[in-house]
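Notes to accompany the following structure.
The values are calculated or read from the model by the stated rules, or taken from the named source; none is laboratory data. As the structure is a computational prediction, the values presented were derived from the model and not from experiment. Cβ coordinates were reconstructed from backbone atoms using ideal geometry, including for glycine residues, and neighbour counts include every protein chain displayed. To get the accessible areas, we keep the full protein, side chains included, count just its heavy atoms, and leave off ligands, DNA and RNA. Shrake-Rupley method; radii C 1.70, N 1.55, O 1.52, S 1.80 Å.
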Amino acid sequence: MRVLHFYKTYQSESYGGIEQTIYQLCKCSSASGIESEVLTLSESPDPAELMYEGHKVHRVKLDLQIASTGFSFSALKRFAQLAAEADIVHYHFPWPFMDFAHFVTRMNKPSVVTYHSDIVRYKTLLQLYRPLMHRFLQSVDAIVATSPNYLQTSSVLAGYKDKTQVIPIGLDKNSYPTASAALKAEWQTRIGPRFFLFVGAIRYYKGLHILLDAARGTDYPIVIVGAGPIEQELKQRVDEQGLRNVIFLGIVSDEVKVALLESCYAIVFPSHLRSEAFGISLLEGAMYGKPMISSEIGTGTSYINNHGETGLVVPPSDPNAFRLAMLQLWDNPEQAKAMGVRAQARYQKLFTAKVMGESYAQLYQDVLATQGRARKGINKNEYSGESQSVAHSRRP
């Protein structure tokens with residue numbers, strides 16, 4: 001079976017949560033006999049196709065970008081060509097240009113869309129896009145929500161529950177490098193034997209200003225890994241507040257990230273807006289057996305981090321509650337350790353790439369079978385209609 005993934009960005013040029021999900025799907029689905037390809041946009045002036053970790057990535061030139069939506073004229077032709085060769089087209093929402101391409105190319109292959117997130121930030125533009133969005137969601141054969149929490153709280157998905165199922169995002173720990181004991185020891189020497197860790201893009205919805213406010217008056221080491229558009233603003237805030245316990249490391253290698261994940265005391269994840277639909281780096285913490293602190297925003301973060309079992313979940317935008325949660329874990333090492341053990345067990349049960357790959361493989365088969373039956377029904381009706389017309393034409 002050939003599956004074409006279509007999304008605006010992909011790994012080798014961009015490393016976000018959706019890109020990681022597509023990558024993990026491409027890697028794990030081969031065990032089910034699925035050949036995956038990716039069509040994406042590229043800022044390179046002369047993009048070329050490439051093999052990436054065993055699957056083909058088709059890159060076309062990004063022509064312009066408006067409100068985080070990439071547009072590409074050459075993508076329309078390439079999408080039509082690749083979709084014609086695929087058995088299933090797998091879309092990744094949101095990306096309005098994708099909806100446009102779906103209709104303008106008259107794509108008629110079985111289709112699945114993973115609904116990663118509501119559109120939260122661009123409310124005015126959403127009003128213009130809404131008719132196309134609903135027409136697109138109505139036209140696809142199946143929709144996937146990445147957590148039951150998101151399915152229950154999304155006003156958009158509420159209208160499509162009859163065609164939506166939940167398949168959580170999964171990670172393959174074997175795809176991560178192994179950090180040497182020397183590297184882990186080096187970082188524990190530099191930072192200390194116990195520290196809280198945040199990993200992720202430094203964006204508006206990550207709630208890092210809440211974490212910084214929570215850090216005031218404490219001496220817990222807090223390490224922030226990642227980069228993004230508000231990084232300098234946050235660093236200035238750290239300087240103004242005199243927070244000597246907050247360390248920004250910027251972008252680090254995968255091996256260093258693993259060393260920090262394995263060495264940290266707990267994961268802090270203060271995202272406070274629904275733009276944080278799942279939380280891949282939160283899941284990485286669970287994968288490495290770490291207790292977690294996150295905020296209740298009605299998304300997959302509270303599916304990964306089950307309050308009282310795998311960590312603590314606090315109200316969003318509440319620095320005092322976040323500070324108290326850090327205090328609770330810091331002062332109760334045995335509780336923190338037990339939560340980390342349960343977090344890893346929950347990862348093994350619900351969030352492995354193997355589980356995700358098998359679930360999608362079954363969904364693809366179901367969609368193909370349903371479409372096959374539908375086409376047989378159409379052909380039968382067309383034949384019956386034609387026969388009746390012929391019969392009527394032969395009546396005296």
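Here are some notes:
So that you can scan it fast, the table gives a plain yes or no per residue for (1) within 25 Å of the chain's Cα centre (by Cα); (2) free of Cβ contacts under 8 Å to residues at least 40 places away in the same chain:
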{"residue": "F73", "(1), (2)": "no, yes"}
{"residue": "A83", "(1), (2)": "yes, no"}
{"residue": "A86", "(1), (2)": "yes, no"}
{"residue": "H92", "(1), (2)": "yes, no"}
{"residue": "W95", "(1), (2)": "yes, no"}
{"residue": "H102", "(1), (2)": "yes, yes"}
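- Residue match in region 86-98 (condition: more than 18 Å from V144 (Cβ to Cβ) and open to solvent by 30 Å² or more (accessible area, probe 1.4 Å)): yes
- Condition met for L243 (more than 26 Å from the chain's Cα centre (by Cα), open to solvent by less than 20 Å² (accessible area, probe 1.4 Å) and not acidic (D, E)): yes
- Annotation for region 266-276: no member residue is closer than 14 Å to G17 by Cα and aromatic (F, W, Y).
- The single residue among L82, L41, L76, L4 that is in contact with a Gly (Cβ under 7 Å, 6 or more places away or on another chain) and either modelled with pLDDT of 95 or more or buried (at least 16 other Cβ atoms within 10 Å of the Cβ) (or both) turns out to be L41.
- Residue in region 74-90 that is touching a His at 6+ places or on another chain (Cβ under 9 Å) and within 30 Å of I202 (Cα to Cα) present: yes
- Flag for F136 being part of a helix (DSSP H, G or I), in contact (Cβ under 8 Å) with a residue 12 or more places away in the chain and surrounded by fewer than 18 Cβ atoms within 10 Å (Cβ to Cβ): no
- Just one residue in the set G311, G289 is over 13 Å from G226 (Cβ atoms) and either touching a Gly at 6+ places or on another chain (Cβ under 6 Å) or modelled with pLDDT under 95 (or both); that residue is G289.
- Candidate set from region 150-169 (those that are touching a residue at least 60 places away in the same chain (Cβ under 8 Å) and more than 18 Å from I267 (Cβ to Cβ)); member that is surrounded by the most Cβ atoms within 10 Å (Cβ to Cβ): Y150
- N174 meets all of the listed conditions (1) touching a residue at least 12 places away in the same chain (Cβ under 8 Å); (2) polar (S, T, N, Q); (3) surrounded by fewer than 14 Cβ atoms within 10 Å (Cβ to Cβ) but one, namely (1).
- When V57, V3, V38 are checked against the criterion of being under 28 Å from S271 (Cβ atoms), part of a strand (DSSP E or B) and of a type in the set (V, I, T), a single residue qualifies: V38.
- The number of residues in region 246-289 being touching a Ser or Thr at 6+ places or on another chain (Cβ under 7 Å) and open to solvent by 30 Å² or more (accessible area, probe 1.4 Å) comes to 2.
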